[in-house]
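These notes concern the structure reproduced below.
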Amino acid sequence: MIAESLARRRIAITGSTGFLGTALVERLLRTVPDCELVLIVRPGRRGAERRVSRDILHNDAFDRLRAELGKDAFEEM
């Protein structure tokens, strides 16, 4: 029911580099693949793009999604 209501929607998420935010991003990417996520990330010393890459995409929480999609498809996201 929730997945159907979020399908084809653009969802803005703040706090995505934190514990709960990372879990939310992973769950949405896995269960609602046709939604668009906009991650609002405060830049650190190295910039927001590196922070997303380091804190979110390389997090162990994404291992299941990475295994389901394959490494190439996951990186393409």
Worksheet item: If you go through segment 46-73, how many residues are of a type outside the set (D, E, K, R) and either outside any helix (DSSP H, G or I) or loosely packed, with under 10 Cβ neighbours inside 10 Å (or both)?
Response: 4
Discussion item. Of everything in segment 42-56, what is among the basic types (Lys, Arg) and over 14 Å from residue 18 (Cα atoms)? Give them in sequence order.
Written reply: 45, 46, 50
Worksheet, complete the sentence: In segment 1-45, anything part of a loop (DSSP other than H, G, I, E, B), of a type outside the set (D, E, K, R) and exposed (fewer than 10 other Cβ atoms within 10 Å of the Cβ) is listed as 1
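Read-outs throughout are calculated quantities, based only on the coordinates presented, and are distinct from any laboratory measurement. Quick caveat: nothing in here was measured; it's all calculated off a predicted structure. As a convention, Cβ positions derive from the backbone with ideal geometry for all residues, glycine included, and neighbour counts pool all protein chains shown.
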